[in-house]
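In what follows, a structure is listed as structure tokens, so that the remarks can point back to it.
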Ligand code: NAD
């Protein structure tokens, strides 16, 4: 099976390395010039608990990608996805499967602009990874993938092939019955901790100690809950609050600065339009007011703009 990773940042490179290690024919596709050049010249350096390993995996710019691929694993940031998929249209045909594990609400909608529903697999992953620099990632810890076909017309044999491929690479993949519930749970969690840690300039443990932390969390989650009900998606504020509390321990992930905090620190754009901003958009569709999520979205976009002004 020929596999392309569309968006070979921290996560795409981790998955690419694990698939390559399992003998899968994989190609990394990314638009960061220095990164692609480094991978082609010196290999992809992966730091993990075992030490550092070098992987020689073909790496291309989106404009260079040709030929057909059976599976395209989409791992851009949510806000980069549409542009990226436009650039790699030549490698996508009616037989190509797209698997997307990027964070955020609404990625399925993005993929549906490019292929029919019976070509789409979506899910969430608990694997993590960090870009240390061009051609270099830190890939420690373990994770898993929960995913599902968007349409009941997805070919069962193809589904089994993808599941087996991921598991042969040690990616601990499982098929779930209601992937939207998993996606909304993870995106709900991220819609609290990502913007609030970024706006308050704190790590997860510090956020857990704030007197107003619970109140701010409830304000965001109550609006997401109302929108989830309107969309017919099972959503539990209580479970997300438990997930957050489990992270507050400094010995767990407490010292961690969530990705939106890191993105703003590096003057990069964030996934806010696919977290709180997406809730505002869906709220409008259902005539539900979402002033808290609207305010959060506006504040994060303002921080992005201030970063760009520099
Ligand atoms: P990333 O920021 O590492 O990479 C995303 C894109 O940005 C890539 O195309 C990358 O090349 C580009 N990029 C990164 N640094 C750059 C630089 N300095 N200059 C130019 N381009 C640069 O993204 P990621 O962490 O792999 O995340 C992909 C998706 O997976 C997101 O939706 C994210 O929320 C989700 N996710 C991430 C993790 C994680 O641990 N990183 C875990 C679970 C889910």
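Just a few scattered comments:
- Taking segment 152-169 as the range and being loosely packed, with under 13 Cβ neighbours inside 10 Å and touching a helix residue (DSSP H, G or I) at 6+ places or on another chain (Cβ under 9 Å) as the test, the residues that pass are 152, 153.
- Residue within segment 43-62 that is buried (at least 23 other Cβ atoms within 10 Å of the Cβ), farther than 27 Å from residue 111 by Cα and within 14 Å of the ligand (Cβ to nearest atom) present: yes
- For segment 17-42, residues that are closer than 23 Å to residue 80 by Cα and either in contact with a helix residue (DSSP H, G or I) (Cβ under 9 Å, 6 or more places away or on another chain) or within 9 Å of the ligand (Cβ to nearest atom) (or both) total 12.
- Here residue 233 passes the criteria (1) modelled with pLDDT of 95 or more; (2) in a helix (DSSP H, G or I) except the one numbered (2).
- Residue in segment 298-308 that is within 15 Å of residue 196 (Cβ to Cβ), part of a helix (DSSP H, G or I) and within 16 Å of the ligand (Cβ to nearest atom) present: yes
- Test: residue in segment 108-117 that is at pLDDT 95 or above, within 11 Å of the ligand (Cβ to nearest atom) and either within 15 Å of residue 187 (Cα to Cα) or part of a helix (DSSP H, G or I) (or both): no
- Number of residues in segment 137-159 that are free of Cβ contacts under 8 Å to residues at least 40 places away in the same chain, touching a strand residue (DSSP E or B) at 6+ places or on another chain (Cβ under 8 Å) and outside any loop (DSSP other than H, G, I, E, B): the value is 4.
- Some residue of segment 237-256 being outside any helix (DSSP H, G or I) and modelled with pLDDT of 95 or more: no
- Residue satisfying condition, being modelled with pLDDT of 95 or more and surrounded by fewer than 17 Cβ atoms within 10 Å (Cβ to Cβ), within set 97, 38, 82: 82
- When the criteria are applied in full, residue 288 fails the requirement of being touching a residue at least 24 places away in the same chain (Cβ under 8 Å) and in a helix (DSSP H, G or I).
The values are calculated or read from the model by the stated rules, or taken from the named source; none is laboratory data. Everything numeric here is computed off the predicted structure, so don't read it as measured data. Heads up, the Cβs are rebuilt from the backbone with ideal geometry, glycines too, and the neighbour counts pull from every protein chain shown.
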